[in-house]
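One structure is given below, encoded as structure tokens.
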Amino acid sequence: AEGIRAVLSGDVDHFVRDYAFPTDRQQRWFTVRVSSTNDVGGGAVISHLDLTALKETERRIRGDHCGISTLFDESAPIFALLDADGTARYVSPSAAELFPPVDGAFGPTSLLAGLEPGQRQQAEQCLQRAGQRTGSREQLVIDVCDTAKRWHTLDLTVCNLLDDPSVAAVVLTGSDITTVHRRKVTRHLETHLLRRLPAAVVVTDQRGTIVYWNDRASELYGHRADEVLGTHIDELGVWPVWADGSEPGPWAGDHVARGRDGAALPVHATLQRVEDPETGFSGVVGTSIDITERRLLEERLDFEARHDPLTGLLNRRALVDHLDGAIARAGRRGGGVAVLYIDLDNFKVVNDNLNHQAGDEVLKAVSALVESALGPGDVLARLGGDEFVVCAEGCASIDDAVALADRVIAVLRVPFRHHGLGVVIGASVGVTFSSDQSLAEELMRDADIAMYEAKEGGKGRTVAFDETLRNQLRRTRVVTAQLGAALDTERIVTYFQPEVDMDTGALLGFEALVRWDDPGRGLVPPAEFVPLAEESELINRLGTTVLRDACRALRHWNLRPGASRLKVAVNVSARQLHAPDFAAEVLDIIGAAGVSPRQVCVEITESTVADNDMAAAVLGVLRAAGVAIAIDDFGTGFSSLHRLQRLPIDDLKIDRTFVSQMLDDNGSRVIVSAVVGLARSLGLGLVAEGVERESQARALRALGCRRAQGYLWSRPVDLVAATDMVDRQRWAPAPDGG
């Protein structure tokens with residue numbers, strides 16, 4: 001009644017409803033259709049159609065498929081009546097969930113909308129064949145995505161009953177077999193794929209009896225399944241723990257199993273208790289993976305992390321651990337431990353004369369020679385380069401340690417043959433002996449200090465760390481702390497020493513030199529604090545301070561006419577060159593000051609770049625940006641001329657030692673002359689340092705050296721005095737002895 005009123009009032013155009021009409025003999029079914037007739041004068045047409053035969057057919061078909069529904073554990077099979085063209089006249093509720101209508105109607109488009117392209121073509125062909133031949137029957141298994149975006153597997157039957165008057169339709173019936181299909185796939189995986197898993201899978205019952213053993217377990221442990229099924233798991237030694245379920249699980253970890261041949265087999269095992277109420281099974285499932293390769297890799301990585309890759313000796317990290325243990329052992333027995341810090345004396349010369357590969361072979365030979373001098377239980381480590389450390393637990397006193405160090409020096413004094421060449425490698429050794437409160441790092445530091453003392457005293461000797469060196473260490477700590485405070489309070493100042501053209505007397509530039517303006521001591525010379533800064537990170541701060549002051553001075557001088565041709569040289573240490581962002585920092589400071597990189601020269605010593613590809617690369621970056629590169633104190637190191645030619649160098653600076661002695665010492669004069677010739681041959685600039693007398697200047701000019709700096713013209717001066725020199729541009733040199 002509500003539907004009829006809605007059509008008559010114009011709220012809807014039509015209304016359809018199926019209803020049951022019981023009679024004495026049977027229940028009949030009708031459909032009422034109400035259509036508006038407003039276009040012909042108003043009202044509505046109401047028709048009732050008898051659907052009893054159609055409903056009976058649907059009931060019968062449902063009954064025919066009830067067995068299938070039960071088999072697949074589904075309560076609502078799919079059911080639809082289709083016309084020959086595939087348009088649905090009736091769709092059951094379960095089918096409607098899987099095949100939603102399109103534009104309110106069920107047709108071939110909507111029925112196939114949720115199928116993938118390949119299956120859609122298969123379904124279209126099936127429906128087309130079924131619609132063309134009455135009495136035909138087609139089977140179709142498809143995957144369809146429902147309105148909730150879930151996938152279903154359907155088993156469908158398409159039957160053409162168009163010639164049956166009671167049906168007159170193509171009947172689509174079927175069931176959702178998703179669950180059954182998944183169970184089938186799972187069973188397949190369990191029965192076929194589980195056997196091929198890369199992990200060994202073993203299942204035992206609650207008594208520990210093996211009930212499952214896959215193929216990988218046979219490969220891993222060497223036992224066939226038919227040999228072990230029914231055997232207790234403990235008899236094989238393949239699991240780390242019991243399998244009787246008496247302990248709570250799960251358990252996972254590395255375990256050394258036993259193979260069929262009794263060999264140890266490292267595995268990673270996982271044990272998990274299982275309870276299956278459906279079958280009543282209770283037991284343990286274990287999986288194991290062979291970790292032999294992983295163990296070998298871990299052992300190799302651990303060895304590499306604790307050993308020197310060249311010699312196989314302990315590295316610093318491993319040595320500290322060993323030394324800590326040795327100190328503890330010595331404390332328990334009331335003794336001590338000796339530490340010998342060994343630095344080779346002439347390895348750099350050997351390395352420069354030979355190639356790197358030969359140098360590595362020499363280091364291996366040195367390692368063997370040193371070990372030959374050690375006693376039982378003594379351990380040798382290589383810290384890198386040509387530095388070695390011995391931990392000697394067999395020494396009862398510092399005297400024993402010194403005697404051991406002397407033996408090491410003795411074996412390294414003896415020439416040995418290497419690739420047909422006679423090689424002599426000397427060594428300097430620093431020695432220290434532990435006390436009850438000693439720490440490994442402190443012992444190594446003290447021995448290192450003693451070794452440097454041995455170097456300073458003439459090499460090839462042993463120095464024991466004593467109270468004098470301890471006091472020196474304390475003073476070093478104090479001075480280092482004071483130097484850090486001076487940097488914080490801006491007590492570090494920059495002085496400038498002029499570089500001149502000896503032919504014309506013209507000012508060419510300055511060398512920037514660091515000074516420490518201490519309130520109590522006045523200006524502290526760099527020799528007293530720069531070496532200490534070199535041993536700490538303070539050298540980086542010192543270098544940055546001087547470079548920044550030098551660039552600011554250049555900016556100040558550039559305001560004067562013609563002064564933009566001046567250059568300022570700044571000394572750079574090896575530690576600075578090893579800083580990863582050093583080149584970028586230098587260029588940033590130059591850019592911030594607003595001066596040209598071509599006005600800045602970086603001075604480095606021979607030892608800084610010798611055999612140091614990283615330093616050479618950093619210098620290459622700076623030179624490419626326009627910064628000049630000079631080697632300071634040239635002639636005091638051991639530069640390879642071949643390497644010198646390949647370095648990005650603009651100038652050589654002759655060391656002041658040779659300049660000061662060149663008039664009195666023929667050897668020094670020969671060296672100066674050789675350096676001048678070398679610079680000319682390589683196309684490099686040349687600067688003489690430490691010129692104090694006019695006679696020295698004349699001798700240098702005679703050899704062909706024009707540029708120089710020294711007390712003959714000026715001592716290092718502050719910024720005000722240097723600016724005055726810039727303003728005067730040139731001045732007359734002082735007489736001899738001035």
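The values are calculated or read from the model by the stated rules, or taken from the named source; none is laboratory data. None of the values given here were measured: they were computed from a predicted structure. Glycine also receives a Cβ, built like all others from the backbone with ideal geometry; neighbour counts cover every protein chain displayed. For accessibility, only protein heavy atoms count, side chains too; no ligands or nucleic acids. Shrake-Rupley method; radii C 1.70, N 1.55, O 1.52, S 1.80 Å.
On the stretch given as the stretch 337-362, residues that are modelled with pLDDT of 90 or more and not in a strand (DSSP E or B) total 1. For first residues located in the stretch 1-20 and closer than 10 Å to residue 32 by Cα, partners that are part of a helix (DSSP H, G or I) and lie 6+ apart or on another chain with Cβ distances below 8 Å form the pairs 15/3; 15/4; 15/6; 15/7; 17/3. For the stretch 364-376, the set of residues classified as surrounded by 18 or more Cβ atoms within 10 Å (Cβ to Cβ) and assigned to a helix (DSSP H, G or I) consists of 366, 367, 370, 373, listed by residue number.
The condition of being closer than 23 Å to residue 652 by Cβ and open to solvent by less than 20 Å² (accessible area, probe 1.4 Å) holds for only one of 534, 511, that being 511.
Sub-7 Å Cβ pairs linking a first residue in the stretch 568-582 that is closer than 20 Å to residue 496 by Cβ to a second residue that is open to solvent by 30 Å² or more (accessible area, probe 1.4 Å) and modelled with pLDDT under 85, at least 6 apart or interchain, are 573/534, ordered by first then second residue. Taking the conditions exactly as written (more than 20 Å from residue 445 (Cα to Cα), in a strand (DSSP E or B) and free of Cβ contacts under 8 Å to residues at least 60 places away in the same chain), does residue 407 satisfy them or not? So residue 407 does not fit the description; no. Tallying residues that are touching a Phe, Trp or Tyr at 6+ places or on another chain (Cβ under 8 Å) and either under 23 Å from residue 628 (Cα atoms) or aliphatic (A, V, I, L, M) (or both) within the stretch 691-709 yields 1. For the stretch 614-650, the candidate set comprises residues that are under 13 Å from residue 602 (Cα atoms) and within 30 Å of the chain's Cα centre (by Cα); within that set, the residue that is modelled with the lowest pLDDT is 615. Return yes when residue 265 is surrounded by 16 or more Cβ atoms within 10 Å (Cβ to Cβ) and either at pLDDT below 85 or more than 14 Å from residue 202 (Cα to Cα) (or both) and no when it is not. Against the criterion (surrounded by 16 or more Cβ atoms within 10 Å (Cβ to Cβ) and either at pLDDT below 85 or more than 14 Å from residue 202 (Cα to Cα) (or both)), residue 265 qualifies. Only a single item in (1) in contact with a strand residue (DSSP E or B) (Cβ under 6 Å, 6 or more places away or on another chain); (2) more than 30 Å from residue 719 (Cα to Cα) is not met by residue 493, and it is number (2).
Filtering the stretch 218-235 to residues that are touching a strand residue (DSSP E or B) at 6+ places or on another chain (Cβ under 6 Å) and open to solvent by 70 Å² or more (accessible area, probe 1.4 Å) leaves only 229.
So residue 410 passes all but one of these: (1) in contact with a Cys (Cβ under 8 Å, 6 or more places away or on another chain); (2) loosely packed, with under 15 Cβ neighbours inside 10 Å. Which condition number does it fail? Just one mismatch for residue 410, condition (1).
Among the numbered conditions (1) under 29 Å from residue 335 (Cβ atoms); (2) among the small types (Gly, Ala, Ser); (3) in contact with a strand residue (DSSP E or B) (Cβ under 6 Å, 6 or more places away or on another chain), the only one that residue 438 does not meet is (3).
Confirm whether residue 213 is at pLDDT below 85 and not basic (Lys, Arg). The answer is no for residue 213. Closer than 28 Å to residue 688 by Cα and modelled with pLDDT of 85 or more: does that describe residue 485? When the stated conditions are applied, residue 485 does not pass them. Scanning the stretch 22-45 for residues that are exposed (fewer than 13 other Cβ atoms within 10 Å of the Cβ), of a type in the set (A, V, I, L, M, F, W, C) and touching a strand residue (DSSP E or B) at 6+ places or on another chain (Cβ under 7 Å) returns a single hit, 45. When only residues in the stretch 266-302 that are touching a His at 6+ places or on another chain (Cβ under 9 Å) and of a type outside the set (S, T, N, Q) count, which is farthest from residue 213 (Cα to Cα)? Among them, the one singled out is 294.
In this structure, is residue 114 at pLDDT 80 or above and out of contact with any Gly (no Cβ under 6 Å at 6 or more places or on another chain)? It is false that residue 114 is at pLDDT 80 or above and out of contact with any Gly (no Cβ under 6 Å at 6 or more places or on another chain).
Set side by side, the residues 305, 330, 338 differ, and just one is in contact with a helix residue (DSSP H, G or I) (Cβ under 9 Å, 6 or more places away or on another chain) and in contact (Cβ under 8 Å) with a residue 60 or more places away in the chain, which is 338. Within the stretch 283-330, the set of residues being surrounded by fewer than 17 Cβ atoms within 10 Å (Cβ to Cβ) and polar (S, T, N, Q) comprises 292 only.
Yes/no matrix, rows are residues, columns are (1) touching a Ser or Thr at 6+ places or on another chain (Cβ under 8 Å); (2) farther than 30 Å from residue 517 by Cα; (3) among the charged types (D, E, K, R):
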residue	(1), (2), (3)
424	no, yes, no
436	no, yes, yes
439	no, yes, no
460	yes, yes, no
465	yes, yes, no
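Against the conditions (1) open to solvent by 10 Å² or more (accessible area, probe 1.4 Å); (2) touching a residue at least 12 places away in the same chain (Cβ under 8 Å); (3) more than 23 Å from residue 307 (Cα to Cα), residue 379 satisfies every one except (3).
Listed by first and then second residue, the pairs with beta-carbon distance under 6 Å, at least 6 apart or on different chains, first residue in the stretch 193-204 and farther than 7 Å from residue 216 by Cα and surrounded by fewer than 15 Cβ atoms within 10 Å (Cβ to Cβ), second aliphatic (A, V, I, L, M) and modelled with pLDDT under 85, form an empty list. Working only within the stretch 557-606, note down all residues that are modelled with pLDDT of 90 or more, open to solvent by 50 Å² or more (accessible area, probe 1.4 Å), under 18 Å from residue 621 (Cα atoms) and charged (D, E, K, R). Correct list: 585, 588, 598.
For the condition of a type in the set (D, E, K, R) and at pLDDT 90 or above, residue 715 qualifies. In the stretch 377-393, the qualifying residues are those that are within 17 Å of residue 426 (Cβ to Cβ) and not small (Gly, Ala, Ser), and the one that is farthest from the chain's Cα centre (by Cα) is 390. Do we find a residue being of a type outside the set (Asp, Glu), open to solvent by 20 Å² or more (accessible area, probe 1.4 Å) and modelled with pLDDT under 80 anywhere in the stretch 131-146? Checked the stretch 131-146: at least one residue is of a type outside the set (Asp, Glu), open to solvent by 20 Å² or more (accessible area, probe 1.4 Å) and modelled with pLDDT under 80.
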